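**Student:** Next up is a structure, given as structure tokens.
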Amino acid sequence: MTKKIAIIVLGCASPPYDVMIDTIRTTWAGVKAPGIDIYYLYGNPDDDYSRSVLSRYIVGNVSPVKEDEIKAIGDVLIAGCGDNFRQQEDCILRKRLIAFGYLASVGVYDLIYTVCATSYVDQQRLKQHADHLTTKRMISGVVSLNPCGIPFVSGASMLMSTDVAWQLSADRHEIIEQNRFGFRDDVTIGHWIVTRMSKLSLETFADDVRRQNPMTPAHIFVPYPRTTVDYVMAPAEKHRPVADAFHYHFHSRKPGDMIGFHRRYFSNDL
């Protein structure tokens with residue numbers, strides 16, 4: 001059975017990410033794929049410019065969302081926290097944790113997939129990949145160690161079962177309070193999963209990642225390094241689809257690269 005997927009695009013109503021969100025909306029997210037819903041996640045805007053950005057997608061004024069709450073307006077989600085680092089250093093962590101709970105509570109999604117604002121997603125490949133994944137106790141993507149040896153799944157492309165998303169959101173106050181990794185939300189989430197949700201010690205888990213040992217259900221992490229491709233620094237002529245990949249990471253100040261990639265390879269795909 002085809003799995004139902006919610007994609008959370010991590011939005012920001014400030015340059016250059018506002019332009020990248022517009023680019024996403026007019027390229028890969030411009031045509032709806034069956035079984036996939038796409039949401040754009042923001043925090044509370046803090047100036048006239050950011051409010052004008054949200055007005056591109058929302059009719060009328062939006063009152064500030066209360067702390068730790070969330071408001072859904074069409075495909076826009078506004079979390080009750082800061083929208084950018086100037087407002088709140090850990091705003092990305094807060095936005096994601098609040099949104100995880102909201103989408104998990106909807107009760108229709110098997111998987112929740114969160115990507116950054118410079119991401120291109122091949123929705124058809126994502127669906128094919130998801131068909132092979134479990135829908136229980138799983139978080140998938142590129143698995144790495146931070147400089148302190150903390151295992152994490154890259155927040156640029158993080159695919160998880162809804163039960164994991166729900167648990168992270170349920171634990172969000174404790175996660176935020178104990179966060180010692182600042183704005184690096186993916187490391188904070190990784191540390192929490194390893195130390196609170198997995199069945200292994202941090203030392204054993206990190207050693208398995210370092211040695212590239214097979215991950216088991218006890219790890220919760222499911223490494224898929226070939227599903228994402230980094231085109232941030234690559235010249236445009238090198239940008240092309242890659243077998244097994246469904247996520248492509250582009251430069252935040254080069255929306256034209258994403259547009260060109262889409263027009264060359266995907267404009268008639270869905």
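The values are calculated or read from the model by the stated rules, or taken from the named source; none is laboratory data. From a predicted model like this one, the values you see are computed outputs, not experimental measurements. For neighbour counting, all protein chains shown are included, and Cβ atoms are generated from backbone atoms with ideal geometry for every residue, glycine included. Remember, those area values only see protein heavy atoms, side chains included, never the ligands or the DNA or RNA. Shrake-Rupley method; radii C 1.70, N 1.55, O 1.52, S 1.80 Å.
**Student:** Carbon-plus-sulfur fraction of the accessible area of the chain, 1.4 Å probe, in percent?
**Tutor:** Numbers: 6320 of 12480 Å².
Accessible surface attributable to carbon and sulfur in the chain totals 51 percent.
**Student:** Taking only complete DSSP H runs, can you tell me which helices of the chain stretch 15 Å or more along their own long axis by Cα positions and average at least 0.5 on the Kyte-Doolittle scale?
**Tutor:** Details: long enough: 91-106 (23 Å, 1.13); 255-265 (16 Å, -0.93).
Membrane-span-like by this criterion, though nothing is claimed about a membrane: 91-106.
**Student:** Sticking with this structure for a sec: Under 5 Å between amide hydrogens, which residues at least 5 positions from residue 77 or on another chain qualify, with H placed 1.01 Å from N in the peptide plane?
**Tutor:** 40, 41, 42
**Student:** If you average the alpha carbon positions of segment 201-257 and of segment 171-197, how far apart do those two centres end up, in angstrom?
**Tutor:** Measuring centre to centre over Cα atoms gives 20 Å.
**Student:** Under a Cβ-only charge scheme (Lys and Arg +1, Asp and Glu -1), can you give me the dipole magnitude of the chain about the Cα centre, in debye to the nearest 20? Could the numbers behind the result be given before it?
**Tutor:** Values: 30 positive and 30 negative charges, 125 e Å.
The dipole of the chain has a size of about 600 debye.
**Student:** List the longest stretch of the chain that has no exposed loop site; here a site is one of the chymotrypsin sites (Phe, Trp or Tyr not before Pro) assigned by DSSP to anything other than H, G, I, E or B, with at most 15 other Cβ within 10 Å.
**Tutor:** On the way: sites that count: 85, 183.
So the longest stretch without any such site is 86-182.
**Student:** Would you give the gap between the C-alpha center of segment 1-50 and the C-alpha center of segment 57-76, rounded to a whole Å?
**Tutor:** Their Cα centres are 14 Å away from one another.
**Student:** Could you name the lysines whose alpha carbon sits less than 20 Å from that of residue 238, not counting residues in the same chain fewer than 8 places away?
**Tutor:** Reachable lysines: 254.
**Student:** As a check on your grasp of the helix formula, calculate [θ] at 222 nm for the chain: sum -39500 (n - 2.57) over DSSP H runs of n ≥ 4, divide by the residue count, round to the nearest 500.
**Tutor:** Details: 9 runs with 85 residues, N = 270.
One gets -9000 deg cm²/dmol as the mean residue ellipticity at 222 nm.
**Student:** Calculate, for the chain, the solvent-accessible area per residue in square angstrom, rolling a 1.4 angstrom probe over the heavy atoms of the protein chains. List each step's numbers first, then the result.
**Tutor:** On the way: 12480 Å² over 270 residues.
Here the residues of the chain average 46 Å² of exposed surface.
**Student:** Normalised by the number of residues in the chain, what is the relative contact order in percent for Cα pairs under 8 Å and 6+ residues apart? Let's see the in-between values first.
**Tutor:** Numbers: 503 pairs, mean separation 56.3, N = 270.
The normalised contact order for the chain reaches 21 percent.
**Student:** Say the dipole of segment 171-270 comes from +1 at the beta carbon of Lys and Arg and -1 at that of Asp and Glu; which of 268, 205, 195 then lies farthest toward its positive end?
**Tutor:** Highest projection toward the positive end goes to 268.
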